[in-house]
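Chemist: Before we start, here is the structure in question, set down as structure tokens.
The values are calculated or read from the model by the stated rules, or taken from the named source; none is laboratory data. Bear in mind that the values here come from a model prediction, so they are computed numbers and not experimental data. In this analysis, Cβ positions are derived from the backbone assuming ideal geometry, glycine residues included, and neighbour counts consider all displayed protein chains.
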Amino acid sequence: MTSVQKDAAAAGVNVQTLLNEHPFSGFQWVIFALCFLIVLLDGFDTAAIGYIAPSLIGEWGVSKPALAPVLSAALFGLAAGALFSGPLADRLGRKTVLVGSVAVFAVSCLASGFSPDIWTLAMLRFVTGLGLGAAMPNAVTLMSEYCPDSRRATLTNAMFCGFPLGAAFGGFLAAWMIPHFGWRSVLILGGAAPLLLLVALIVLLPESVRHMVANNYPAERIRKVLARIAGDAVQGVQRFVMTESKPQPESRASSGMGVVLSREYRVGSIMLWIAYFMGLVIFYALMNWMPVLFKEAGLDPKTGTLVAALFPLGGVGAVLFGWLMDRFNANRIIAIGYALTAASIWWIGQTAGHLGWLVVAVFLAGTIMNTAQSSMPALAAAYYPTRGRATGVAWMLGIGRFGGIAGSFLVAELSARQLGFSEIFAVVAIPGVIAMAALIIKQYSSPEPQGGAAPAAPLH
């Protein structure tokens, strides 16, 4: 008799044990694909404004500092959407928030392609950001809650690779579409694609089974979902339970926010926020401004856009980091990634005038930086218990978005102060060192005992 069957005979089926003991099913791969596409479209849209920035400067005659609010508008929305969506998802469910958020960013992105002026575009980018900000953390949370423990970081990181791939794909498409169809076509495509995805989400995407158990959903509903993973193993089961390997707050906080800010998790939460904040300072500083900086360094706009598009493409390395995180200390793996990020960003600044070395430096920096950054949601999802997981992931992403805002304004300010190409990249490298330090602090403040998991606590 397997442990799943013993659970069923004694006290019902333990859903995480079931996920651990059954092969990763076709139904779970469907969930993976849908969450991957959500994050892919998120990455495409988030990076699109950076790729069209040179066209906006040319068509509307705005200066680089004047363009900063447009580049940052979506980021303010991203922050607000993430901060509000996490607590909502812990209360209402992951799927409900996901479907609503995808609808919001699809419609608003489509509308932004018809903007008559820069301020209308900025407003619509803000609304787009609200939807994008709510979608990403809940896609991460939902995916992580359908993974077996031994493969959670690997699968979650693989899913999150959709973000840098979407950003890179957007760059290659933009380089081709803008000369042929204009910058508006990029935004129209970014809105039309998620509208098609929305139908698939409504029909195919399930609610998180862990969320359903934690919130006492009817056993029939839970069984219907699990039957698509484990078949007859749950036939006739009338009760489902769950164990938490994460320490439970002594305060027994009822809200997701209460868990995140509890004494047991407070320091770790703040360190996650700082690390993700600093990572996005780097990401958005480079994604939004590299095409412009490369143009000023002497590259033609098309070549500059193509070279810049290599930066997010490197995020596919997150699969390797996920594998390492499932086997070794996840905090230290990502901290090393941020340390190498700082060095590689500095190197980009030393390659001005050497196209070959510039291509190598941008791709290497992108591989390391995006691998570390793309691994952060999996780290956060693994850090919190179920009743605070969506809030924990969402708040890390939400607070981090302010780093994206800071990054967008940082390069604008550095350019206004007449800093040179190499100096700008040297300054942008510093946040990588700070992110490394934050994760080291989190490692030594974690509520988990070193070398093992906390005792499992039953959750009915």
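Chemist: Only residues that are over 14 Å from L41 (Cβ atoms) and in contact with an Asp or Glu (Cβ under 7 Å, 6 or more places away or on another chain): list them for segment 93-112, please.
Modeler: G93, R94, K95
Per-residue answers, yes or no, for (1) over 17 Å from the mean Cα position of the chain (by Cα); (2) among the hydroxyl-bearing types (S, T, Y):
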{"position": "I118", "(1), (2)": "yes, no"}
{"position": "R152", "(1), (2)": "no, no"}
{"position": "T156", "(1), (2)": "no, yes"}
{"position": "M159", "(1), (2)": "no, no"}
{"position": "F172", "(1), (2)": "yes, no"}
{"position": "W183", "(1), (2)": "yes, no"}
{"position": "L197", "(1), (2)": "yes, no"}
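Chemist: Do the conditions hold for G231, that is, is it in a helix (DSSP H, G or I) and on the phi > 0 side of the Ramachandran plot?
Modeler: yes
Chemist: Checking the structure you have, find out if any residue of segment 370-380 is closer than 25 Å to P69 by Cα and of a type outside the set (K, R).
Modeler: For segment 370-380, residues closer than 25 Å to P69 by Cα and of a type outside the set (K, R): present.
Chemist: A further question follows. Within segment 130-140, is even one residue outside any helix (DSSP H, G or I), under 26 Å from G403 (Cα atoms), touching a residue at least 24 places away in the same chain (Cβ under 8 Å) and not aliphatic (A, V, I, L, M)?
Modeler: no
Conditions tested, residue by residue: (1) part of a helix (DSSP H, G or I); (2) at pLDDT 70 or above.
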position: A227; (1), (2): yes, yes
position: E250; (1), (2): no, no
position: A253; (1), (2): no, no
position: E264; (1), (2): no, yes
position: G268; (1), (2): yes, yes
position: M287; (1), (2): yes, yes
position: G298; (1), (2): no, no
position: G314; (1), (2): yes, no
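Chemist: Tell me, yes or no, whether segment 156-164 has at least one residue that is closer than 30 Å to V62 by Cβ, of a type outside the set (A, V, I, L, M) and either modelled with pLDDT under 85 or touching a strand residue (DSSP E or B) at 6+ places or on another chain (Cβ under 6 Å) (or both).
Modeler: For segment 156-164, residues closer than 30 Å to V62 by Cβ, of a type outside the set (A, V, I, L, M) and either modelled with pLDDT under 85 or touching a strand residue (DSSP E or B) at 6+ places or on another chain (Cβ under 6 Å) (or both): present.
Chemist: Moving to a separate point now. Restricting the search to segment 36-87, which residues are crowded, with 24+ Cβ neighbours inside 10 Å, of a type in the set (S, T, N, Q) and at pLDDT below 80?
Modeler: Answer for segment 36-87, where residues must be crowded, with 24+ Cβ neighbours inside 10 Å, of a type in the set (S, T, N, Q) and at pLDDT below 80: T46, S72.
Chemist: Based on this model, can you work out whether L155 counts as in contact with a Phe, Trp or Tyr (Cβ under 7 Å, 6 or more places away or on another chain) and within 17 Å of A33 (Cα to Cα)?
Modeler: Here the answer is yes, as L155 does meet what is asked.
Chemist: Something else about it: Find the residue count for segment 141-159, including only residues that are within 21 Å of S85 (Cβ to Cβ), in contact with a His (Cβ under 9 Å, 6 or more places away or on another chain) and either of a type in the set (D, E, K, R) or assigned to a loop (DSSP other than H, G, I, E, B) (or both).
Modeler: The qualifying residues number 1.
Chemist: Among the numbered criteria (1) in a helix (DSSP H, G or I); (2) under 18 Å from A89 (Cβ atoms), which single criterion is violated by E207?
Modeler: So E207 meets the others, but not (1).
Chemist: Taking V13 as meeting all but one of (1) touching a helix residue (DSSP H, G or I) at 6+ places or on another chain (Cβ under 9 Å); (2) modelled with pLDDT of 80 or more, write down the number of the exception.
Modeler: The failed condition is (2).
Chemist: Say we look at segment 88-129 and pick out the residues that are in a loop (DSSP other than H, G, I, E, B) and of a type outside the set (G, A, S); which of these is surrounded by the most Cβ atoms within 10 Å (Cβ to Cβ)?
Modeler: F114
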